[in-house]
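The block underneath contains the structure these notes are about, expressed in C-alpha cells.
The values are calculated or read from the model by the stated rules, or taken from the named source; none is laboratory data. Keep in mind that what you see is a predicted model, and the values were worked out from it rather than measured. In this analysis, Cβ positions are derived from the backbone assuming ideal geometry, glycine residues included, and neighbour counts consider all displayed protein chains. We work out accessible area using only protein heavy atoms, side chains counted, and drop any ligands, DNA or RNA first. Shrake-Rupley method; radii C 1.70, N 1.55, O 1.52, S 1.80 Å.
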Amino acid sequence: MTDLLVRGGTVVTAAGSSRADVAVDGGTISAVEPDLGGLTATAREVVDATGLLVLPGAIDVHTHTRVASDAEPDRFFQDSVAAAFGGTTTFLSFNNPGTGASAAGRSLLGGMREWRAATASDSAVDVALSLVITSAQDDPIGEVPDAILSGVPTFKAFMVYDFGVDDATLSRALEVAGRHRGMLEVHCEDRSALEERTARHLAAGETAPRFHASSRPPFVEADATARAIGLARAARAPLYVVHLSCAEALAHVRAARAEGLPVHAETCPHYLTLTDERYDLAPEDAARYVISPPLRGPGQPEALWDGLAAGDLALVATDHVPDRVAVEKRSWRESFDRISNGGPGIETLLGLVYSEGVSRGRIGLERMVELVATTPARLFGLGSKGAIERGRDADLVLFDPAARRTLRAVDLHHTSDYTPYEGRVVEGAVRSTIVRGAFVVRDGAFVGRRGHGRFIERSLDAAG
Ligand code: MN
Ligand code: MN
C-alpha cells in the first residue's frame, strides 16, 4: 500500500536531478521512478509537485535549542516548528551541562538521559544529540564509549570559555572518541590570545559590542584550528571543526585534508552571507551579531563559498542559538564580553543556502543537497536519512524555486525575537515539509504534531 505519492516534481539528490515520482509507505521511501502513475488509483494520498523541487529534508547538525522550562514550556517545540518551516527535518542539539557549582560532578551519560527526558515527545521533527565534554564534569571521557553504545557518537569540546578544556583533555577526548568510532567536534579559538585582547579592550574602556570582533580576529580562530588539527593528527582521530568562519582557518583544514587526515569542517549561513560591518550599527543592533567566531571582513564569505564548492568545507549548519534581544542580549549595556554569544538560524538554513548559493550560481543544486542533507547524514551517522532513495526515511521538502520572499522576524517561528537576516530578499521558498511520511508543514501552514519527532540513536558505523 502506498501512503503518499509525490508526483511530477524534480527530485534532487547529491548525484543528480530528474523529474520523478516518489512513493512513501509506512514513513519510508518505497520507490523513486520517472512515472509511478500506476499507483495513483490506490495511493492513500497523491500530491502534485509540478514545478517544485523535491529535496531530502535538511539536517542541521549544530543547534543550541533550549529544552522546555516551566516559564517557557514551548520553547523546544517552537524551535522544532521553526525547523520544519525551514525545511529541516532533523536537527542535532547539545546537552548543556552549564558552568559553575551546579555543573560540577555532572556525568556525561546523566546529561544525555536528562536531555532525552526533557525533550521526549516535544519535537515536531526528528532530533538527535551531541554531548558536550567540559572541564566541570567528573570523568566525561571515561563515559564516551558508553555514550557511543547508547546512540550518541558525537561529542563537542571548547578551546575557550570557562567550561572549555585544556589541550591534554582535548587530545584524550579526540583519541578515545576516535578509537570507539565516535567523533569530536571542536570550537576552535585560542583562549590566551582572546583573553589578552579582551582585557586590553576593557582596560581602554572599549566595551561596545563592536569590540567583540576585534577581540577575536581570524588568527585567534586559525591558530586554534591548526592546534586542534595537530592534536587530531597525533591522536590518529577524526576531527570535526565547528563554525569555521574565515579563509585563514580554512587554509589549515585544506592542508590537513590534502594530507589525507579525516578533518571535516562546517561553516554557517551567517559567515556566508554577513560581514563585520554589522558591528558598526548602534550597540543594541550590533549585539544581535555577537556570535563566536564573529562575522568577518569583506571577501571572507566568498572564500567560504569557494571552500564549499571545492569540497574543503563539508557542510553547512546553523549554530542556532535562540537568543532574544530583549533578554539574553540585553547585557550589551555592560560590555561586549558579557553578551550572550549566538543568534537564531534554525529556520533559514535551506533558504539561505539555496538563495545565496544555488540562485547566485556559487554551487549547484546537487551540491546544496550534499551540504545540508547527505553529508550531515553520512558524517553524523544518520544512516536512514539524507537522500531520496528507496529504503530511506521519507523526510522530504517540497521547495518552490520560483518564489521570492523577504525574511522578517515577524514571519519566522523560532523563539528568538529577531533574525540576523531581517529585510533580506531570498529566492525560493519551502512549501511543504514531510517527516517520515507525515506532513509537518503543508502549503506554508503548520499541520504537524508535538511529539511526532523522534530521538534518533546514531552510529557512525552505519553511516553510508
Ligand atoms: Mn561555538
Ligand atoms: Mn555552537
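For the range 233-316, with every protein chain kept in place, what is the accessible area per residue (1.4 Å probe, Å²)?
That works out to 35 Å² per residue.
Using the scaling law 2.2 N^0.38 Å as the reference, what is the normalised Cα Rg of the range 213-310?
1.13
So how far apart, in nm, are the two label points at Val425 and Ser69 if each is 7 Å from Cα heading toward Cβ?
Output for this residue pair reads 4.0 nm.
How many nm separate the modelled label positions at Thr42 and Asp146, each set 7 Å beyond the Cα in the direction of the Cβ?
In this crude spin-label approximation the distance works out to 5.0 nm.
Before rounding to the nearest 500, sum -39500 (n - 2.57) across all DSSP H runs of length at least 4 in the chain and divide by the residue total; then give [θ] at 222 nm in deg cm²/dmol.
Mean residue ellipticity, 222 nm, calculated: -8000 deg cm²/dmol.
Looking only at the range 214-244, which residues have a backbone nitrogen under 11 Å from a spot 7 Å from the Cα of Glu259 in the C-beta direction?
Backbone N within reach: 226-237.
Normalised by the residues of the range 336-464, what does the relative contact order come to in percent, with Cα pairs under 8 Å and at least six apart?
In percent, rounded to a whole number, it is 27.
Counting only heavy atoms of the protein chains, get the accessible area per residue of the range 403-464 (1.4 Å probe) and round it to a whole Å² value.
Each residue of the range 403-464 exposes 47 Å² on average to a 1.4 Å probe.
Carbon and sulfur atoms: what percent of the 1.4 Å accessible area of the range 352-464 do they account for?
Accessible surface attributable to carbon and sulfur in the range 352-464 totals 42 percent.
Which ³J(HN,Hα) values, rounded to whole Hz and listed in residue order, are derived for the range 9-22 from phi using the Karplus coefficients 6.51, -1.76 and 1.60 in 6.51 cos²θ - 1.76 cosθ + 1.60 with θ = phi - 60°, glycine and proline given as x?
x, 9, 7, 10, 10, 4, 8, x, 10, 7, 5, 7, 9, 10
Between Arg449 and Ser18, 0.36 nm times their residue separation minus their Cα-Cα distance comes to what?
Taking Arg449 through Ser18 to full extension adds about 152.0 nm, to one decimal.
Under 5 Å between amide H atoms, partner at least 5 residues away or on a different chain: which partners does Thr134 have, H built in plane at 1.01 Å?
Here nothing satisfies the definition.
How much of the DSSP bridge set in the chain is antiparallel, in percent, rounded to the nearest 5?
Around 50 percent antiparallel, to the nearest 5.
If you take every residue apart from Val425 with its C-beta less than 9 Å away from the C-beta of Val425, what net charge results, scoring Lys and Arg +1 and Asp and Glu -1?
Taking every Cβ under 9 Å from that of Val425, the sum is +2.
Return a whole-number percent for the relative contact order of the chain, with Cα pairs under 8 Å and 6 or more residues apart as the contact set.
Once divided by the residue count of the chain, the mean separation gives 21 percent.
Distance between the C-alpha centers of the range 331-377 and the range 153-210? Whole Å please.
The range 331-377 and the range 153-210 have Cα centres separated by 22 Å.
What list of ³J(HN,Hα) couplings, whole Hz, do you get for the range 326-340 from phi and the Karplus terms 6.51, -1.76, 1.60, once you set θ to phi - 60° and write x for glycine and proline?
Whole-Hz 3J(HN,Hα) from phi for the range 326-340: 7, 10, 5, 8, 5, 6, 4, 5, 7, 6, 4, 7, 9, 6, 4.
Once the dipole of the range 109-239 is set up with Lys and Arg at +1 and Asp and Glu at -1 on Cβ about the Cα centre, which of Ala232, Gln137, Ser150 lies farthest towards its positive end?
My answer, from the dipole projection, is Ala232.
Non-local amide H neighbours of Val440 (under 5 Å, H modeled in plane, Pro and chain starts lacking H): which ones?
Thr433, Ile434, Val435
Quick query: amide H of Asp3 versus all other amide H atoms, modeled in the peptide plane; which residues come in under 5 Å with a sequence gap of 5 or more or a different chain?
Here the answer is Val24, Asp25, Gly26, Arg44, since their amide H atoms fall under 5 Å of that of Asp3.
Within a Cβ distance under 11 Å of Asp312, other residues only, what is the Lys/Arg minus Asp/Glu net charge?
Charge balance in the 11 Å sphere: +1.
Which whole-number percentage describes the relative contact order of the range 1-126, with Cα contacts under 8 Å and a sequence gap of 6 or more?
22 percent
What is the sum of charges around Thr2, taking Lys and Arg as +1, Asp and Glu as -1, for the other residues whose C-beta is under 9 Å from the C-beta of Thr2?
After counting each charged neighbour, the total is -2.
Ignoring ligands, DNA and RNA, what percent of the accessible area of the range 154-274 is carbon or sulfur (1.4 Å)?
Exposed carbon and sulfur together represent 52 percent of the surface.
Any chance you could run the full-extension gain for Ala208 through Arg333? It's 0.36 nm times the residue separation minus the Cα-Cα distance, nm to one decimal.
44.2 nm
Which value does Rg/Rh take for the chain over its C-alpha atoms, Rh per Kirkwood?
0.96
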